[in-house]
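Reading through the structure tokens given below for one structure.
Nothing in this text is a laboratory measurement; each read-out follows from the coordinates by a stated rule. Because the structure is a prediction, the values reported are computed rather than measured. Quick reminder, even Gly has a Cβ in these numbers, built from the backbone with ideal geometry, and neighbours come from all protein chains shown.
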Amino acid sequence: MKQYAFFPGCSLEKLAASYYVSSQESAKKLGVELRELEDWNCCGATTYFHVDQLLAHTLVARNLAIAEKAGLDLVASCSACYKNAYFTNQHIQEDPDLAEHINYALEEDNLQIKGTSKVYHLMEVLANEVGAEEIKSKVTHPLTGLKVAAYYGCQIVRPRKNGENVENPQFFESLISATGAEAVNFPDRLRCCGGSLIMTSRQAALDMVNKILQNALANGAEVIATACPLCQVNLECYQAQVNEEFGTNYALPVLYFTQLLGLAMGVPPKKVGLGKEFVSAMPFLSRYLQKEAR
Amino acid sequence: MTAKPTFGQEIANLLHASHGKPLSSCIQCGTCSGTCPVAEYMDQTPRRLIGMINANMKEEVLACNTYWFCASCYHCTVRCPAQIDIAEAMYAVKRYSIWHKTNKEELVGPVFSETWVKTIVNSGRSYEPVLAPTYMFSFGPKEFFQEALTATNLMLKGRIPVLPPRIKRLENFKKMIRRIIPVGGPS
């Protein structure tokens, strides 16, 4: 079984608990072991970098150093955690002066970083390291006919990490297709959900969420799939506020891609964390679930 | 005698870890503004902001909301034909404004970020309920009620932790931070 150091990030403890359990269950089915990083700290999302860059890199580096100590590559499931870990790791490899500053601080926690571990988003591991073909072979309950809007959001693809296609990525769609579901055409799939603006610039963020929901619905989506806790919360938990503000009438379920993967591979609904949504996906999912599991 | 750096140079100096080209290579094409999903809510578009930084219009740059309305989605960065890391430049102006305390009171972004960082410095983890007061009180009564309702629903669904989480090796963690920021660190 291939092992990775799993960095869940703060959201996955409660706010996105269904992402945590469905990640673990799906990975297990696919022969991937996600070993939770020991005593990890918050990656700072965007906010550390607003205040102090060196502090931000140091706090991110502590997590990377713990993974290095365990001799494992790091996997993050939140797009912001992933982006932070990826670039701090890269800067440490390329900038010996930065690495020296950070290592001096890390000594206080008996840690050291060289930048030798690789950093992945969970979706990358499942789409590229495992692969759609392998997933297809594990699907026992295909979600045939389910119309899914595969929503990338921003930081999973941006900034560009290593020359990859940032304008027309396909890895998310390949995972959705592997479950038997249909990835609908979705022009807004790379458009930002507003991130933390939902708290700091509410009006702008609600408008951004509104546009994405409208685009998904106009293209026939029954469910939106996400790969980031903040995207999930903005698109789902703020639907009621969007409806209030814009006089809309959305009731569009927003699930983590790992929940769909898990269901397709026969993981029971409870074990992929279904039941914590604001907008139930059951009207669309019940036709795929065995009677006893509903 | 060394000349005092211009505002444009000061911001450029804050971009040292960026892989992008210097702001001075901007050709004012407006691809960033056309791409930005928040541009319509900004006082100045990203293109104009870069032009203003390059023209050393310090007061005007710091007075606008543009950089705090940047959601860090990096869409401008990946499309810039001059290869400027524009989102990173927004971070640079955010840091500049926080250090120099130039932000207007009605902006929520700076208070939110500082509160978040303080929470982490003291516990190693973020905790949503501590952040709520930084933005909720900027809301009108209707918005306040809506946000409270969303928070209540999250709580009922068991999606908000009751107690603030903290890491195990917190003492080491705090000492580590003091090696980076020796003055005014956590007590």
### Query
Using a ≥ b ≥ c from the Cα gyration tensor of segment B:7-99 (square roots of the eigenvalues), is it rounded, prolate or oblate, where a/c under 1.5 gives rounded and otherwise the larger of a/b and b/c decides, a/b for prolate?
rounded
### Task
Within 10 Å, count the other beta carbons around each residue, average over each peptide in B:34-42, A:166-174, and list them highest first.
B:34-42, A:166-174
#### Entry: Shielding by partners, peptide B:151-162 (average Cβ within 10 angstrom, other chains)
4
### Query
For chain A, what is Rg from Cα atoms divided by 2.2 N^0.38 Å, rounded to two decimals?
1.00
## Note on the structure
What helix-only [θ] at 222 nm does chain A give? Using -39500 (n - 2.57) per DSSP H run of at least 4, over all residues, to the nearest 500, the answer is -12000 deg cm²/dmol
#### Entry: Cα-based reach from B:Lys4 at 27 Å (exclusive), listing lysines while leaving out same-chain residues under 8 positions away
B:Lys21, B:Lys58, B:Lys94, B:Lys101, B:Lys104
### Task
Residues in segment A:183-218, backbone N under 20 Å from the label point at A:Glu244 (7 Å along the Cα-to-beta-carbon vector): list them, ranges by number please.
A:194-214
### Task
Label segment B:14-163 by shape, choosing from rounded, prolate and oblate, from the square roots a ≥ b ≥ c of the eigenvalues of the Cα gyration tensor; if a/c is under 1.5 it is rounded, and otherwise prolate applies when a/b is larger than b/c, oblate when it is not.
prolate
### Message
Only four residue types carry charge here, +1 at the Cβ of Lys and Arg and -1 at the Cβ of Asp and Glu. Report the dipole size of the protein assembly as shown about the Cα centre in Debye, rounded to the nearest 20.
### Response
600 debye
### Query
For A:Leu206, A:Leu122, what's the fewest-to-most ordering of other Cβ within 10 Å of each Cβ?
A:Leu206, A:Leu122
### Message
Let me confirm one metric for peptide A:37-47, namely the mean number of other chain beta-carbon atoms within 10 Å of its residues' beta-carbons.
### Response
6
### Task
Could you line up B:Phe137, A:Phe246 from fewest to most neighbouring Cβ atoms inside 10 Å?
B:Phe137, A:Phe246
### Query
Looking only at A:Gly115, A:Gly262, A:Gly71, which one moves most when chain A is put into a Gaussian network model with springs between Cα atoms under 10 Å?
A:Gly71
### Message
How big is the dipole moment of segment A:1-40 about its Cα centre under a simple scheme where the beta carbon of each Lys and Arg is +1, that of each Asp and Glu is -1, and everything else is neutral? Debye, nearest 20, please.
### Response
220 debye
### Message
Need one word for segment B:109-180: rounded, prolate or oblate. Basis is the Cα gyration tensor (sqrt eigenvalues a ≥ b ≥ c); a/c below 1.5 gives rounded, then a/b vs b/c decides.
### Response
oblate
### Query
Hey, fewest Cβ within 10 Å first, where do B:Cys70, B:Cys29, A:Cys10, A:Cys237 land in order?
B:Cys29, A:Cys237, A:Cys10, B:Cys70
### Summary
Within 10 Å of the Cβ of an average residue in B:117-129, the count of other chain Cβ atoms is 5
### Summary
Of the residues B:Ile84, B:Ser138, B:Leu14, the Cα lying farthest along the dipole of chain B towards its positive end, which is defined by charges on the beta carbon of Lys, Arg, Asp and Glu, belongs to B:Leu14
### Summary
Applying a 4.7 angstrom Cβ cut-off across chain B, unpaired cysteine residues come out as B:Cys26, B:Cys29, B:Cys36, B:Cys64, B:Cys70, B:Cys80
### Above-threshold pairs, the threshold being 20 Å between Cα atoms, out of A:Lys2/A:Lys69; A:Lys14/B:Lys142; A:Lys29/A:Lys276; A:Lys69/A:Lys118; A:Lys69/B:Lys118; A:Lys2/A:Lys28
A:Lys14/B:Lys142; A:Lys29/A:Lys276; A:Lys69/B:Lys118
### Query
Are there GluC sites (Glu not before Pro) in segment A:38-111 that DSSP puts in a loop and that have at most 14 other Cβ atoms within 10 Å, and which ones?
A:Glu38
### Message
Please give me the summed charge of the neighbours of B:Met155: other residues whose Cβ is under 11 Å from its Cβ, Lys and Arg +1, Asp and Glu -1.
### Response
+2
### Query
Under unit Cβ charges (Lys, Arg +1; Asp, Glu -1), what dipole magnitude, rounded to 20 debye, does segment B:7-99 have relative to its Cα centre?
160 debye
### Packing rank of B:57-66, B:147-156, where each peptide gets the mean count of other beta carbons within 10 Å, highest leading
B:57-66, B:147-156
#### Entry: Selection from A:Leu55, A:Pro96, A:Gln3, by position along the positive dipole direction of segment A:2-121 (Cβ)
A:Gln3
